[in-house]
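The values are calculated or read from the model by the stated rules, or taken from the named source; none is laboratory data. Owing to the predicted nature of the structure, the values given are computational and were not obtained by experimental measurement. Here the Cβ positions follow ideal geometry from the backbone for every residue, glycine too, while neighbour counts run over all protein chains shown. Side chains included, ligands, DNA and RNA excluded: accessible areas come from the protein's heavy atoms. Shrake-Rupley method; radii C 1.70, N 1.55, O 1.52, S 1.80 Å.
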Amino acid sequence: ASTPITFVLNPIPDVVYGATGIAATVTSGNTTNPIVFSSSNTSVAIIAANGSITIVGTGTTEITASQLGDGTYPDTSVTQTFAVAKAPLSITVADTSKLFGTDNPAFRFVYSGFVYGENESVLTALPTATTAATINSLAGIYDVTPSGALANNYTISNNAGTLTINPVVADSSQTSLILFTSNGVLSAKLLSAE
């Protein structure tokens, strides 16, 4: 007798982590016995009795549909390979500012692309921010770049933000004192009000 089970979608389309509503649909000439589904790699996908697939990670698994014979058809199982690719995740350093002569602030990261209600807690390594700006850097705008973040189920892209260093202005009704650096030496200049 011929094999009774066939997958309706052959192959099952590969997906990106975050996909929902995926199902392995099969047909069978054997109407006596139920079809049993299994996933060879349950860290990638698990499959319910009705063929509904739940994504739990990235990688490749084999989805198998099995059915006991019924006298007309023999015991049968058919298998399809199913792959889940990493989802894109963007990490950007939030723009911020500080006054000249002060330590750099704690930089904040903005994430875009988490799926399944996940957040930065799923990162296997958190991002760090680097900038050329120091406590002695002149007033101006400096890039702040994230790096180092890792995640099992995401492909990470890093996007720079900016740190704006503002001059320190001590203001009275008549004069302003401006602090600045030249070759690392702190200087002060008194400006008369016009």
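Overview of values
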| read-out | value |
| --- | --- |
| Residues satisfying the stated conditions in the range 111-132, i.e. in contact (Cβ under 8 Å) with a residue 24 or more places away in the chain, hydrophobic (A, V, I, L, M, F, W, C) and within 18 Å of Asn158 (Cβ to Cβ) | Phe114, Val122, Leu123, Ala125, Ala129 |
| Positions within the range 160-171 being open to solvent by 40 Å² or more (accessible area, probe 1.4 Å) and among the small types (Gly, Ala, Ser), in sequence order | Ala160, Ala170 |
| Residues that are over 24 Å from Ala83 (Cβ atoms), open to solvent by 50 Å² or more (accessible area, probe 1.4 Å) and in contact with a helix residue (DSSP H, G or I) (Cβ under 9 Å, 6 or more places away or on another chain), drawn from the range 108-159 | Tyr111, Leu126 |
| Contacts under 7 angstrom Cβ, first residue in the range 141-157 being on the phi > 0 side of the Ramachandran plot, partner surrounded by 20 or more Cβ atoms within 10 Å (Cβ to Cβ) and at pLDDT 95 or above, 6 or more apart | Gly148/Pro127 |
| Scope the range 128-137; condition within 16 Å of Thr162 (Cβ to Cβ) and within 26 Å of the chain's Cα centre (by Cα); matching residues | Ala129, Thr130, Thr131 |
| Within the range 63-88, considering residues that are surrounded by fewer than 17 Cβ atoms within 10 Å (Cβ to Cβ) and of a type in the set (Gly, Ala, Ser), the one nearest to the chain's Cα centre (by Cα) | Ala85 |
| Every residue from the range 89-107 that is surrounded by fewer than 15 Cβ atoms within 10 Å (Cβ to Cβ), over 21 Å from the mean Cα position of the chain (by Cα) and closer than 15 Å to Pro146 by Cβ | Pro105, Ala106 |
| Failed criterion for Gly101 (all others in (1) within 12 Å of Leu163 (Cα to Cα); (2) small (Gly, Ala, Ser); (3) touching a residue at least 24 places away in the same chain (Cβ under 8 Å) hold) | (1) |
